[in-house]
Every structure is written in C-alpha cells, then in structure tokens.
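Structure first, commentary second.
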Amino acid sequence: MTTTAPAPEYSVIGTRPIRHDGLDKVIGRAKYAADIQMAGLLSAKILRSPHPHARIKSIDTSKAAALPGVRAVITAADIPAVASDRMQDLGETAVRLRFLSSNVLAGNKVLYKGQAVAAVAATSAHIAEEALSLIKVDYEVLPPALNVLDAMKDGAPLLHEDMLMQEFGQRTTKHSNIANHFRFKKGEPADGFKQADVVVEREFNTAAVHQGYIEPHAATANWNVDGKLTIWCSTQGSFNVRSQVATLLKIPESNVKVIPTEIGGGFGGKLGVYLEPVVALLAKKTGHPVKAIMSRTEVFEGTGPTPGSYMKVKMGANKEGRITAAEVSLMFEAGAFPGSPVNAGAMCALACYNLDNAQVDGYDVVVNKQKTAAYRAPGATHAAMAVESVVDELCENLKMDPIDFRILNGVKQGDRRVDGPAFGKVGFMEVLQAAKNHPHWKTPLTGKNRGRGFAAGFWFNAGGPASCYIAMNPDGTVSLIEGAADIGGTRAAIAMQAAEVLGIPADKVTPTVVDTDSIGYTSLTGGSSVAFKGGLAAYEAAQDLKKQLIERAAKIWETTADNVEFEKGEFKLKPSYERKMTFTELAGRLLTTGGPLAGRASVDARGVGPAFAAVIADVEVDPETGKTQVLRATIVQDAGKAIHPSYVEGQMQGGVAQGIGWALNEEYFFTNQGTMANPTFLDYRMPTALDLPMIDTVIVEVANPGHPFGVRGVGEVPIVPPPAAVANAMKRAIGVRMTDLPMSPGAVLAAIQAKGNGKR
Amino acid sequence: MADKVHVRTTINGEATEFLCEPRQSLLEVLRDVVGLTGSKEGCNDGNCGACTVLFNGRMVTSCLVLGVEAEGKNVTTIEGIATPAGLHPIQQAFLENAALQCGICTPGFIVAAKALLDREPNPSEQRIRLWLAGNLCRCTGYDKIIRAVMDASKKMQEVKAR
Ligand code: FES
Ligand code: FES
C-alpha cells in the first residue's frame, strides 16, 4: 500500500502494468547465462584450492591435457602478467588489479579454500571434471588466519607479506593483515559521555553470509581470430565486465563485447568477474566457444559473501532521551584481499542520528576466507545490527518508546553525518511517523514468548552514468534501448518513465537491455541506482524525442514549433486547437514527412536521494528449542517516488526476507581448518515460504529533488533494519539480548541458559 | 564413458526420443540434449526447486531423476504449462501479482503450484507455504508468490463454477 495515491498529474507513473519481460519468464523462454548454446561449444571446469592458505610450488597439467576430449588447460601463468597495484573499480567495492587477477586464478599462493587454481576446457562438462582430478598441484601448506580478531594480532600468519597497513590515510611501515584503519569523528565523544545519564556498551559478532542468488555464475566466451572477444554472462554490469576482462587480459576494451543475459539475482555478488576471463582465455586457446557454469558449492566457496564482523558500540543518552555521545568500532573480514565494505558500513553506522559527539573507527582486515563482495547496502546491515540494538537498549533503560526516541534523535535536512556530508531533503521523520501510525505498531502483541522489535536503517543510494535510446515505430509504439541489467523489474520502471513523458501507455514502450556495443556507457545495476539514473536517461531521451516530434508536427502544419502543443499523447495547433494529431497518427507519417525519429540521452545522474527505512517485527521464540518464528513484519520506506509500486514493494519484501535469513539462520560455518562446512542449500539455510509471514509494506514518498519524478532508489535499504528489529523483538520475547548473528536455535538456547546462570 | 542409452518418453505431450549417458540427470538431458532450458539449475542437489517438473503428474526435482528413468514416462516442464490458447491461470496470476523479480525461480514455482492446484483446488495460505517450501526464491520474500497462487486458485474455481 502507498501512503499517497498516485499523483493525479501522472498517468503512467504509480500504476502497475504487467512488466514487459514477464511473459518470457513465466513460460520458460527467457535466456539466462547457463542457457546459452552454440555450435562447437566446449565446457569448462575450475580446479579449486583445498587449503585456506598455501604456497603453490608447482602445477603439473600434462596428464589432464592428455585426457581424450580435453582441449585446453590453463593456470595463472596464462593471464597476461598484471602485477599492477592500480585499483579496479567493481562498482560498490574496488580491488587492486593483481588481487583481482589472483582471485580469478591464483598465482603463487592460495588464500582461501575454493580459490580457483586452474581450468580445463573439454568436449563435455563430465570430461572436464574428470580432467581436474588429473591436475597435480604441489602445495606448501601454511597456517591460516581465520577470523578478524586473530588476524589482527601481532604475529598472526600474514596473507600478503608485502602489504603495509594504512592508518588514518597514511601508509605505515607495519606489515599486518589490517589493510586499513580509518576514523570519522565529530565533536568530542568523551565530553558527550560526561553528559549522559545512561550509557550502553556492547560487542557484536556477525558471520559471513552469502547473497544467495538462485542462479549460479555462468559465462560463455568466443574469441575470434581477428581478436574480437564476445562474452555472454550473468552480470550486474556488462560495462564493468568489459573493463575488468580487457584490463586483466591486456586487450583493448573495444575488442570486448559483453552480451548480458537475463540475470537470476545478484544483490551485489555479480559485480566482479570470476569466470569471464577464464572462459575467454580458454576460448582463445581452443579456438572454440567455451562455457562455464558454477555449481552451488563453487558459488559458496569461490565467490564473495558479505564479511563476517566484530563490532563494538558505546552510546550515551541523557534523561530527556537525547543521545549525547556515540563510539563505534567496526572490524570487517575482507576475505583474502583488501576491500571489505567497512567504509560504507562506517558511514552508515550512525547516519540515522543527529549527533554532536561521535566517532567511528573502521578496520579492513584480510583473512583466509573468500574475497568478500558487495551485498545489498554493503556494510550497513552489520552496523545497524550493532547500533540499532544499542539504541533499543537505551530506550529500555530510559523507558522510552523506540519510535519516539528516534523521532527525537533522528536526522532531518541540514543535519551532518559523522563523516561529514550534510543531508539534503530526506524522509526519515516521515518514515518514523508512518511506522508510528501503522496498525501493526498500534495493535498490542499478546502471548507467551512473543515480542515486538523496531529498528531503522539508512543507505546512500547511488547514481552515475546511463544511456538510453528511444526509436519511434510507425504504429505509434517506441523501442527503448538501455544498458543496465534488469534484475527485478527495472525495464518496466524505465519504460514507464519514458511513457509518462511521451503520453503513451507503458505497454507501447518495448524496453530492451542490449550489449556493450549497442548502447552508450551505462554503469552497473547496484547502489539502488537503475530506476533513478536509467529513469533519468529515459526521461531525457523521451524529452529529446518529444521535441523532435513537435518540430515534425510543426513542419507538417507549416508552422513553427512554438505553435504546437503536446498534451496527453496529442499534438494540437495553437491557438484554435482545431488541428490535432495523435501520437500514433504522427508516428505513421514520419517516413513520408522527413524520415524516422529517435531520441537519445547519455546522463551522469548526480542528484542522488538517500533512503531511510524502518522495520517492525513480531517474533515468537520457542524456549525449548531456541527456534524463532517471525509472526508479522512491516517495512516502511521512503522511495522518493514509486514508479511501479508492485516492484518497489517486491524490493522491500525481498530485502526484509534476506534480513530475516541473516538474522536467524544464515552463516558460513567454518571448521577450524578453514573449510566452509555447509556449502549447499541444505545446510546453508535460506528462508523458505514456510519460514516467513506476509510482509506488509508502506511506501513513503518524499520526492528526491534530484530526479524529475522524485525517484530515490529502493533496492538496498530494506535489508538494513531487519536483523536488529528481530534481535530487539527477541529481547522483549525472552528477556535475552542477542548480540551475535545468526541468532540460530543453538545460539538462542545457549543465551537462555547463560541468562539462567546469571551471565546476561 | 559408458555407451549412450536410447530413451523413449513423452515430454509436454509430444513423443520424444533422446540418447543420453546413464549418469546424466533428467535436468541435464532436458536442458542440454532436448534443448528445453526453461527448467533451471540452482543447486543440483534437490534443495532449490528451480528444476521442478511433473513426472507422470508427480512433482519432482529433475536434478535428482536420471535421464534414463524417463523411459515410458510422461514429463511436463514449464514449457508445457501454457497452451496455444494462452497462459495457464497460474502464469497469468504470476504476471498480474508481480510474483517474480529476477525470474530464475519462476519456472519451478509455477510447475510446483500447478501440481498443488491439480490436486487441491482451494488450498489455504499455510498449505501453499508448506507445499512450496521446497522452492527457494531469494528475491521476493514469497509474499507476492503466495498471493499469486491464491489468486490463481480463486480464478480457476470461478471458471469451473461457470
Ligand atoms: S537444481 Fe534441482 S532442486 Fe535445485
Ligand atoms: S524471483 Fe529471483 S529467485 Fe525468485
């Protein structure tokens, strides 16, 4: 449900048309990366490290290469040497080029179990798999550093012997697994704590969790003799794949064409390349197209989860309920290579609150685990689990209502974040008010072992470059070409913005996501940016087309453009308005009155509108088993403007579901040898339909002034509040404050017992 | 490599023959041998439901069935749910209720939902949740999927009542 009715000035925006790409998806015809077939296609498989930390002394591929059906075997030696320290942008995170290279195929060392070491192309996947067992790798096994606190200690095994710690912006001389330590500070926290009447200090731990997209990574490459490389893959950013592959393989970007297939979920995990450079090299070596598909276990072991973390939060408030000081420390496991989202986490940690005295420290720490990747509002969910739990405890101690407390302390326009920037127009207060007025908040929760929790969350959202091309068809429809991967309905959201400008129904626009040769640069599908920046590009392209259509109508009527008015899909000649032409009529006359027309735009969308969300969760905890069931969940979120409300709700519901999974079940469970013990969907338990209630949504619309329709972006912030909301609900249900994720049955039972023994 | 086996079966109502290795799963055969890529592989171990097909009318995960087991059987995949006359009401309901985001889980959910409504035309919300618990969706939080199945069930009964 939306709090405001579709604005009367719009005829398309705010409605709920059937999405354009839906039909192919409900009949099984949509082509995803694994569905690519072509003549002469070979299958590739990847050999992965069995050790979390080892030196590669030698690799013997001769036996594998001799197996009938095998066409090529490659190792890191086949990647054109990239010893570069240059940073490669991955969209929401960045990585040094040489690290990206060894994450694709390991060089002289492996840094996690599951890291790719060699690859085989063969006439069938089964033969390629057999060949893997014939590759002999001689490892010198090294002791691993397996969690963030151990890895930070002096004397811990070093992952990168040459890495020097960076501290407060300076490179130190210290060899350490701490890649970076930084601090944001505002005012003087020590003074703030002196003014506090209550102070709460807590420590938190969260396990690594995976994005869990249902489609495993898959990629196909063809390398022609003229040096032109074509890649079909499932990615959130086709232009990013192009630049990563070209840089790694030292070939011109213009030689690489990336054809994005339909993508079966990403959530941040499909920004960096894994398979693409490998199949490209194999295609070059064999002269055949080569396809690789990861197994689910490879997805868990060989691609990036979001980091495990250790966090400390201390906050103080006075009797009136004003927060007087806050201190936060975030230590994130980057995995094998630097680049965890601790930066974003640190900027988001206290972003909901207007604070005079606050400090946030962040540590990016390498450990012998998978290189972490972005996951939906990267870093913000960790930080919110810690901060929103402590805020809840302040409310308990002060006997204040959690929403009133946030209304008193929450940020408004003009307030500054601890890391510096001031907020423009934001809708946090509107979100809080809507939550406060919601029947869910107003209806008392009854029953044993039940509790209600509340938490809020912030995410920046992002913008960036996007391109769009809109061509008129003679029948009055338009073809819209764009470059951003559509993971959850953005083709519809972008087409609707063009339709609004052109005064035609959404189904008269045919949107298509095309390859990197067929559209101008478009940045990735991430940062909740597509409906915002792609929508802006479509808006501008439609305006461009509209202007040309008005000029054409003027030409037909032998007048000038300022005498033509365009309204609701109709061209009218001023001043009498007696001569009229519909959009469709004009479309039919284009070819005989001067030729076809198309609009185009390339934009760099900068007027980003940040997002706030709040979640109310009711839980019931079974004290016998420790199992927690979420009985009811409501999310309130500022969307700026919901273009297609159903898909906005879908993002909100999906984010809450992932947040609940993170809260209650999901974790990379590592043995003390550094092996992930649960790399299947059986043992890595994501929520099923049976684990969740219906998820109620309230869309708040505080328009973003940086977008013609007010769009902010909706994809990421809904995952931020749920873990803390569930933890806060559990506290009220059973009187135990859970500080570690996941709050699985075993952990809950242990906490209940510890409380019985007077420990909590 | 073992010799390939000649299998005679029926897929989506059409008599079909194929050659497959004994070790190939039905999912692999459908996708790579027969060319029906609508059934998806999310896990290859029976835990995601993206590969769900009907096997003599029973719901199965095709990654856990061998291709050779299809001999003499009747297999229905997502490609066989719509008719030339139009979409199945479940497919229509998925579109109208925005019950898909990335869409990779959608074929499995639609086939599984059909298996349910073929047996129980009017299931409760809880019954639908239980029946579909073998199908993972990471995008939607299930809310709109459950509503779509309830919607389809209602519409199918209205048609029957007419
Ligand atoms: S692929 Fe068969 S259940 Fe997942
Ligand atoms: S719609 Fe993406 S997994 Fe269900």
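The values are calculated or read from the model by the stated rules, or taken from the named source; none is laboratory data. Owing to the predicted nature of the structure, the values given are computational and were not obtained by experimental measurement. Positions of Cβ are generated from backbone atoms using ideal geometry, with glycine treated the same way; all protein chains shown enter the neighbour counts. Side chains are part of the model used for accessible areas, which takes the heavy atoms of the whole protein and leaves out ligands, DNA and RNA. Shrake-Rupley method; radii C 1.70, N 1.55, O 1.52, S 1.80 Å.
I need the peptides A:68-76, B:136-144 ranked by packing, meaning the mean over residues of other C-beta atoms within 10 angstrom, with the highest value on top.
Top to bottom by mean Cβ count within 10 Å: B:136-144, A:68-76.
At 7 Å along Cα-to-Cβ for each site, give me the label-to-label distance between residue B:122 and residue A:672 in nm.
6.0
What is the sum of charges around residue B:17, taking Lys and Arg as +1, Asp and Glu as -1, for the other residues whose C-beta is under 14 Å from the C-beta of residue B:17?
With Lys, Arg at +1 and Asp, Glu at -1, the net is +1.
I need the phi-derived Karplus couplings for the range B:44-57: 6.51 cos²θ - 1.76 cosθ + 1.60, θ = phi - 60°, integer Hz, Gly and Pro marked x.
Running phi through 6.51 cos²θ - 1.76 cosθ + 1.60 with θ = phi - 60° gives 6, 9, x, 10, 10, x, 5, 9, 4, 9, 9, 10, 6, x Hz.
Report, as an integer, the average count of C-beta atoms from other chains found within 10 Å of each Cβ along B:41-51.
For peptide B:41-51, the averaged partner shielding equals 6.
Taking a threshold of 30 Å on the Cα-Cα distance, which of the pairs A:284/A:371; A:285/A:533; A:113/A:185; A:412/A:448; A:250/A:291 fall above it?
A:285/A:533; A:113/A:185; A:412/A:448
Rounded to the nearest 0.05, what FRET efficiency is calculated for residue A:150 and residue B:73 with R0 set to 56 Å and r the Cβ-Cβ distance?
For R0 = 56 Å, the calculated efficiency reads 0.55.
Hey, quick one: spin label on residue A:416, modelled 7 Å out along Cα-Cβ, who in the range A:610-636 has an amide N within reach, i.e. under 20 Å?
Correct set: A:610.
Could you point to the residue in B:124, B:60, B:101 farthest towards the positive end of chain B's charge dipole, with +1 and -1 charges on the Cβ of Lys/Arg and Asp/Glu respectively?
Looking along the dipole axis, the top candidate is B:124.
Express the Stokes-Einstein translational diffusion coefficient of the range B:89-161 in µm² s⁻¹, to the nearest whole number, given a Kirkwood radius over alpha-carbon pairs, 20 °C and a viscosity of 1.002 mPa s.
Approximately 180 µm²/s, per Stokes-Einstein.
Return the whole-Å distance between the Cα centroid of the range A:215-250 and the Cα centroid of the range A:484-528.
Cα centres, the range A:215-250 to the range A:484-528: 22 Å.
For residue A:632, what residues show an amide H to amide H distance below 5 Å, using hydrogens built from the backbone and excluding near sequence neighbours?
A:618
In what sequence, highest mean first, do A:118-128, A:716-726 appear when ranked by Cβ atoms within 10 angstrom?
Highest mean packing first, the order is A:716-726, A:118-128.
Pull up the cross-link candidates among the aspartates and glutamates for residue A:45, meaning alpha carbon to alpha carbon under 13 Å and not fewer than 8 places away within one chain.
A:129, A:130, A:276, A:298
Below 8 Å, C-alpha to C-alpha, sequence gap of six or more: please give me the relative contact order for the range A:463-605 in percent.
Averaging sequence separation for qualifying contacts and normalising by length gives 36 percent for the range A:463-605.
Using a cut-off of 9 Å between beta-carbons, work out the net charge of the residues near residue A:674 (Lys and Arg +1, Asp and Glu -1, residue A:674 not included).
Here the count lands on +2.
Sum -39500 (n - 2.57) across every DSSP H segment of at least 4 residues in chain A, then divide by the residue count to get the 222 nm mean residue ellipticity, nearest 500.
-8000 deg cm²/dmol
For n ≥ 4 DSSP H runs only, could you compute -39500 (n - 2.57) per run for chain B, divide by its residues and tell me the 222 nm figure to the nearest 500?
Computed mean residue ellipticity for chain B: -9000 deg cm²/dmol.
Could you give each residue of the range A:209-223 its phi-based ³J(HN,Hα) in whole Hz, using Karplus coefficients 6.51, -1.76, 1.60 with θ = phi - 60°, and x for Gly or Pro?
10, 9, 4, x, 3, 6, 8, x, 4, 8, 8, 10, 9, 10, 10
Taking amide H positions as placed 1.01 Å from N in the peptide plane, with prolines and chain starts having none, which residues 5 or more places from residue A:667, or on another chain, fall under 5 Å of its amide H?
Amide H neighbours of residue A:667, under 5 Å, 5+ apart: A:685.
With all distinct Cα pairs included, what does the Kirkwood hydrodynamic radius of the range B:95-137 come out to in Å, to one decimal, could you say?
Value: 10.9 Å, from the Cα pair sum.
Just add up the charged neighbours of residue A:258: K/R +1, D/E -1, any other residue whose Cβ is under 13 Å from the Cβ of residue A:258.
0
Which residues in the range A:314-355 have a backbone N closer than 12 Å to a point placed 7 Å from the Cα of residue A:194 along the Cα-to-Cβ line?
So the set is empty, nothing qualifies.
Residue by residue through the range A:121-133, which ³J(HN,Hα) values in whole Hz follow from phi under the Karplus form 6.51 cos²θ - 1.76 cosθ + 1.60 (θ = phi - 60°), with glycine and proline marked x?
Listing the rounded values in order: 10, 9, 6, 9, 4, 5, 5, 4, 5, 4, 4, 4, 6 Hz.
Please list the non-local residues whose amide H lies under 5 Å from the amide H of residue B:16, H modeled 1.01 Å from N, same-chain partners needing a gap of 5 or more.
Amide H neighbours of residue B:16: B:9, B:10, B:11.
Could you tell me which residue out of A:644, A:453, A:349 lies farthest along the dipole of chain A toward its positive end? Charges go on the beta carbon: Lys and Arg +1, Asp and Glu -1, centred on the Cα centre.
It is A:349.
For peptide A:642-649, compute the average count of partner chain beta-carbon atoms within 10 Å of each residue's beta-carbon.
Average neighbour count from other chains, rounded to a whole number: 2.
About its Cα centre, what dipole magnitude does the range A:533-607 give when the only charges are +1 on Lys and Arg Cβ and -1 on Asp and Glu Cβ, stated in debye to the nearest 20?
120
Rg(Cα) of chain A divided by 2.2 N^0.38 Å?
Computed over Cα atoms of chain A, the ratio equals 0.99.
Count, for each residue of A:210-220, the Cβ atoms from other chains sitting within 10 Å of its Cβ, then give me the mean as a whole number.
4
Evaluate the relative contact order of the range B:89-161 (contact order divided by residue number), counting alpha-carbon pairs under 8 angstrom at least 6 apart; express in whole percent.
Relative contact order of the range B:89-161: 50 percent.
Going toward the positive end of the dipole of chain A, with +1 on Lys and Arg Cβ and -1 on Asp and Glu Cβ, which of A:377, A:181, A:537 do you reach last?
The listed residue farthest towards the positive side: A:181.
Once you have all Cα-Cα distances for the range A:463-605, histogram them in 5 Å bins from zero and send the whole-percent values.
Going out from 0 Å in 5 Å bins, the range A:463-605 shows 2, 11, 21, 22, 16, 12, 8, 5, 2, 0 percent.
Suppose all protein chains stay in the model; what accessible area per residue would a 1.4 Å probe give for the range A:463-605, in Å²?
Value returned for the range A:463-605: 38 Å² of accessible area per residue.
Report the Cα-based extents of chain B along its three principal axes, largest first, to the nearest Å.
Sorted largest first, the three principal extents are 50, 34, 23 Å.
Relative contact order for the range B:5-80: what is it in percent, counting Cα pairs under 8 Å that are at least 6 residues apart?
Relative contact order, the range B:5-80: 39 percent.
So for the range A:375-425, considering every pair of alpha-carbon atoms, how many percent are separated by more than 12 Å?
72
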